[in-house]
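In what follows, a single structure is set out as structure tokens and then discussed.
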């Protein structure tokens, strides 16, 4: 720490205290050159978790947005709030585990679709129809056929 009075680079810490809010540490220091005391504050520099949109923009990760999309897809379906929270938790964990503290909306969509496919096929199709941005009915029908084929394989 550089002394604000003489510019000397060495000091000793005389006293340390956590702030009342607990978000910083106050340190009383004494310059080893001029002997004058000064105060420094240490704060954690938090980097938010980010989501990279399809067009390259970055936004702060928002659990509420993920939950909102799930609620729309699962409207009038037999899916509990606890199950939806579990999906949101998986997405949030993926963001937290990402090396750069960011994840693409593409990856978020894949995680959600994988979970919805296991939980409820109708909610899956609803979510996929928005997420996959089908260009026409034939693309939508192909997704439905794949879903039916995978269901038929499970029954056999």
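Where a number appears in this text, it was derived from the coordinates with a stated rule and is not lab data. Given the structure is predicted, the values throughout are model-derived calculations rather than measurements. Here the Cβ is made from the backbone with ideal geometry for all residues, glycine too, and neighbour counts use every protein chain on show.
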Open item on the list: From the C-alpha coordinates alone, can you work out the Kirkwood hydrodynamic radius of the stretch 8-91, in Å?
Closed with: 17.5 Å
Task: Selected from 126, 58, 36 as most flexible by GNM, with the chain as the system and alpha-carbon contacts under 10 Å - done: 36
Task: Most fluctuating residue given options 105, 82, 39, as computed from a GNM of the chain linking Cα atoms under 10 Å - done: 39
- [ ] Would you mind checking the tilt of helix 137-155 against the longest principal axis of the Cα atoms of the chain, expressed as 0 to 90 degrees and rounded to 10?
- [x] 80 degrees
Task: Angle in degrees between helix 105-119 and the longest Cα principal axis of the chain, rounded to the nearest 10 - done: 50 degrees
TODO: Could you state the angle between the C-alpha long axis of helix 81-97 and the longest principal axis of the C-alpha atoms of the chain, as a value from 0 to 90 degrees rounded to the nearest 10?
DONE: 50 degrees
Task: Value of Rg/Rh across the chain [Cα atoms, Kirkwood radius] - done: 1.31
Open item on the list: Could you list 87, 111, 44 so that the one with the fewest beta carbons within 10 Å of its beta carbon is first and the one with the most is last?
Closed with: 44, 111, 87
TODO: Please work out the Cα center distance from the stretch 56-81 to the stretch 1-55, rounded to the nearest Å.
DONE: 39 Å
- [ ] For every helix of n ≥ 4 consecutive DSSP H residues, a contribution of -39,500 (n - 2.57) applies; sum these over the chain, divide by its total residues, and give [θ] at 222 nm rounded to the nearest 500 deg cm²/dmol.
- [x] -15000 deg cm²/dmol
Open item on the list: Contact order normalised by length for the chain, with contacts defined as Cα pairs under 8 Å and 6 or more residues apart; what percent is it?
Closed with: 14 percent
Task: Ranked list, fewest to most other Cβ atoms within 10 Å of each Cβ, for 104, 138, 19 - done: 138, 19, 104
